Structures are given as structure tokens and as C-alpha cells.
Amino acid sequence: MREIMLKIKSNQAVTGGSDDSVEFITEAKLYKKGEAMYLIYDESELSGIPGCKTRLKMKANEIQMKRFGMGTGFNSEIKFKKGKRYMGFYDTPFGPIEMEVLTDRLENTLSEEGGGHVNIDYSVSLKGLMEGRNSINITMM
């Protein structure tokens, strides 16, 4: 397991609403288990979900993102695979909401030795409440 630093930038463009961008630097843990690389980091006040951890399980052409945290009300999982739809639930403090994600672009060049990046562009729909386009860009420093 390696201790690393990450620069994380996320963008959210809500249909009929406003755009929102967040950028922060955080410590993370990187390790390999079987055929997957794992990246674990703490979210921050800037991301809007302090006290929450994010885990990325990265395989050749698929990334699974899981967010979890005690008392945060968030416990969600999203699978990203280019051109594929993922149906699931997004847990909120008010209860779970049906979610659909379509991954438009997925790029992962992170290496066990250090360096690289993860870029994910996707469309998301939360059961009639919100539709939008999101991107996550993670760079190992």
C-alpha cells in the first residue's frame, strides 16, 4: 500500500440549472489486489460530503466508485464502463433515490509505481429529480 497525493477536479452541469466545479488536493492510499488497483481517499468540505470516504476499484476498462461514511447519509456505488448504463441507488439523508449512469468516456493511466490519472465523463439521472453531465479528473501528484 502506498501513501500518495491526489488532485481531484469534478464538474457537474445540471440540465436547466447551473454548473458547479470543485477542485482539491488530498492524501490517498493506492494498492493492488488481484487484477484491480484500489484508490481510497477522504472527501472534503469542498466536495460537499465531508466525513465520507471514496474508494475506486479500477480494472482494465471498468471503474467502480463506492462512497461510504459513518453518519453522513451517503452510501452509494456507481460502476463506470464506457458506453454502458448502470442502474442503482444513490443514498441520501432522506432515503435512496433511483439513479442511472451512462459512461461517455473512461480513461485510467494510474500505475502501481506512481503517476497517471483517471478521467471519467458521464451522464446521470436521479429519478426525475435531476439530469446532468458530470466529470471526475484525478491526477496522482
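The values are calculated or read from the model by the stated rules, or taken from the named source; none is laboratory data. Keep in mind that what you see is a predicted model, and the values were worked out from it rather than measured. Glycine also receives a Cβ, built like all others from the backbone with ideal geometry; neighbour counts cover every protein chain displayed. Please note that ligands, DNA and RNA were not included when accessible areas were found on the heavy atoms of the full protein model with its side chains. Shrake-Rupley method; radii C 1.70, N 1.55, O 1.52, S 1.80 Å.
Values computed for the structure shown
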{"quantity": "LYS57 vs. criteria at pLDDT 95 or above, part of a loop (DSSP other than H, G, I, E, B) and either surrounded by 13 or more Cβ atoms within 10 Å (Cβ to Cβ) or touching a helix residue (DSSP H, G or I) at 6+ places or on another chain (Cβ under 7 Å) (or both)", "calculated": "no"}
{"quantity": "Yes/no for LYS127 being within 21 Å of LYS9 (Cβ to Cβ) and open to solvent by 70 Å² or more (accessible area, probe 1.4 Å)", "calculated": "no"}
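Yes or no, residue by residue, for (1) at pLDDT below 80; (2) β-branched (Val, Ile, Thr); (3) open to solvent by 40 Å² or more (accessible area, probe 1.4 Å):
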residue	(1), (2), (3)
GLY73	yes, no, no
SER76	yes, no, no
GLY83	no, no, yes
TYR86	no, no, yes
PHE89	no, no, yes
THR92	yes, yes, no
GLU100	no, no, yes
THR109	no, yes, yes
